[in-house]
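The values are calculated or read from the model by the stated rules, or taken from the named source; none is laboratory data. Nothing here was measured: the structure is a model prediction, and the numbers come from that model. Glycine also receives a Cβ, built like all others from the backbone with ideal geometry; neighbour counts cover every protein chain displayed. Ligands, DNA and RNA are excluded from the accessible area calculation, which covers all protein heavy atoms including side chains. Shrake-Rupley method; radii C 1.70, N 1.55, O 1.52, S 1.80 Å.
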Amino acid sequence: MAENDVFVEMECFQLCHDGEEVCGDDFLFERLEGENRHLAVLSDGLGSGIKANLLACMTTTMALEFIRSDMDVMLSAETIMDTLPVCEVRKISYATFTVFDLQIGGKSRIIEMDNPPFIHLRNGKDLKVSRQAMTSERWPDRRVQLSEIYAVAGDRLIVFSDGVAQAGLGQPGKYKFGWRREGALEFIQETIAADPAISARDLSQKVVYAARSRNKDNRCIDDISCMVIYLRKPRKLLLLTGPPFRAESDAAYADLVRNFDGKVILSGGTTANIVSRELQRPIDVDMKLVMKAGSLPPPARMQGVDLVTEGILTLTDVTQRLEADTPLDTPVPLVSKEMIELFRQSDEIELVVGTKVNEAHQDPSLPVDLEIRRNIVRRLKNVLETKYRKRVLMRFF
Amino acid sequence: MSDVKKIKVEICLGTTCYVLGSFRLSSLEEQLPPNLKDRVEVVGCACLEVCHDRNYGNAPFVRIGERIVDNATVEKVIEVLQEMVAAGGSNE
């Protein structure tokens, strides 16, 4: 498989310790497109709540910075340990970490300190990883481990905090010593066997919820995090919005849909009409859905297309929801829910913008301001790239 | 009466029509008087593409058969339908 045909899906799912507002584990991802490098860090701060979150965030931030600039491993680890503030209660400064520095088509490095050891899965098999242990003279009780692996398409790299490894600790039965790496591994292998193409996002969620369910009364007695990195064939999505600038281009525009190998969204009434006319595929708009659809026109259907929507209002709503750090307090319209889900499931998203302007949208007597299509799609591209780590291509038609 | 061709009512759910209230027409089917109930088929439409055409009035638009109705409300659509049925129920 060519290098370009691998997409590195990096996801981390977390649950906080019961009663805490923030998670005491932190993670960061970075994609260095130019170098074909992918960085990921997971850190578990001592304790839980704000203090743990602070330790973990400091650790992930420093670790990402050091790995990006290829700083010496031991020096990086020592600097992190020197910098973390000392816990008042336990009189130590402490946060674990696992750092992935993945080079697609080359050698990848993993640096670990005290997190449960990462798992490298290929075809469901737990590959043996050889680790080189290093100790610091200044921090003799801390052990840093370095490993080098060659990750290929189809591989998964998984790491979790001890909220997963120690799940169920003290409970009678099989897990009285905690779920541990073995228990979690077995669960992960079964999950993959049942759904071989399961996304990193879904798998990380499943592991975390399964870990919680081992605990008494399904409680979170620790912060629980699971990071999954999945090297996979990219899942592609094509979104067409707006009529082409010249009507002569309509046929070529519709052909994009006919020839596309992946999911397709048509966003805009005229857009849907053009594709429907050119490909002779009727649009099915269910009027009964209008009342249940929330504050936007309902999703419509067309054969060979995954979702047909209204244009500007829907794209604006979806972009706002994707940009928001906390969920907006307005109910999610049905159509936005579907579109967001399609985006989240995809790795490579192609946004094709027809540039003909509908003058009716510029009428000042309309009760809402309608954004210019190009601007809203630019915002959408930006948020999908920066916040959701998608590969996004935008072109005009 | 089932063999009589139904009159098709298409409600535009395009951007302009939607923001100007076409969603209110979603209750049209329930509000049809008894004499129209079996004569009319109400469907949604991605866009009727008449909002930028100055030959018509303002959105929201509804197409009844071949006829475009502007400033559409439930009452106005029912009025047009009654006229059509009285004139022989033609789809034209």
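With the requirement that a residue be open to solvent by 40 Å² or more (accessible area, probe 1.4 Å) and in contact with a strand residue (DSSP E or B) (Cβ under 9 Å, 6 or more places away or on another chain), what does segment A:222-255 give you?
A:Lys233, A:Arg235, A:Lys236, A:Phe245
Of the conditions (1) within 10 Å of another protein chain (Cβ to nearest Cβ); (2) touching a residue at least 24 places away in the same chain (Cβ under 8 Å); (3) over 28 Å from A:Thr330 (Cβ atoms), A:Asn273 satisfies every one except a single condition; which number is it?
Exception for A:Asn273: condition (2).
Against the conditions (1) facing chain A (nearest Cβ under 8 Å); (2) among the β-branched types (Val, Ile, Thr); (3) open to solvent by 20 Å² or more (accessible area, probe 1.4 Å), where does B:Ile11 fall short? Just the number, please.
Failing condition for B:Ile11: (3).
Can you pull out the residues in segment A:276-305 that are at the interface with chain B (Cβ under 10 Å from one of its Cβ atoms), open to solvent by 20 Å² or more (accessible area, probe 1.4 Å) and either closer than 22 Å to A:Arg378 by Cβ or among the basic types (Lys, Arg) (or both)?
Once the filter is applied, which keeps residues that are at the interface with chain B (Cβ under 10 Å from one of its Cβ atoms), open to solvent by 20 Å² or more (accessible area, probe 1.4 Å) and either closer than 22 Å to A:Arg378 by Cβ or among the basic types (Lys, Arg) (or both), segment A:276-305 yields A:Lys288, A:Lys292.
Please specify each residue of segment A:318-339 satisfying the condition of being part of a helix (DSSP H, G or I), β-branched (Val, Ile, Thr) and either open to solvent by 30 Å² or more (accessible area, probe 1.4 Å) or more than 21 Å from A:Arg391 (Cα to Cα) (or both).
The answer is A:Val335, and nothing else.
May I ask you to list pairs of residues, at least six apart or on different chains, whose Cβ atoms are under 9 Å apart, with the first in segment A:306-317 being more than 7 Å from chain B (Cβ to nearest Cβ) and within 18 Å of A:Leu384 (Cα to Cα) and the second being assigned to a strand (DSSP E or B) and modelled with pLDDT of 95 or more?
Partner pairs satisfying both residue conditions: A:Thr314/A:Ser267; A:Leu315/A:Leu239; A:Leu315/A:Thr241; A:Leu315/A:Ser267; A:Leu315/A:Thr309.
Could you say which residue among A:Thr60, A:Thr98 is modelled with pLDDT of 90 or more, out of contact with any Gly (no Cβ under 9 Å at 6 or more places or on another chain), farther than 25 Å from A:Glu348 by Cα and part of a helix (DSSP H, G or I)?
Step by step, each of A:Thr60, A:Thr98 is checked, and only A:Thr60 is modelled with pLDDT of 90 or more, out of contact with any Gly (no Cβ under 9 Å at 6 or more places or on another chain), farther than 25 Å from A:Glu348 by Cα and part of a helix (DSSP H, G or I).
Just checking, does segment B:27-42 include any residue being open to solvent by 10 Å² or more (accessible area, probe 1.4 Å), touching a helix residue (DSSP H, G or I) at 6+ places or on another chain (Cβ under 7 Å), assigned to a strand (DSSP E or B) and within 12 Å of another protein chain (Cβ to nearest Cβ)?
Checked segment B:27-42: at least one residue is open to solvent by 10 Å² or more (accessible area, probe 1.4 Å), touching a helix residue (DSSP H, G or I) at 6+ places or on another chain (Cβ under 7 Å), assigned to a strand (DSSP E or B) and within 12 Å of another protein chain (Cβ to nearest Cβ).
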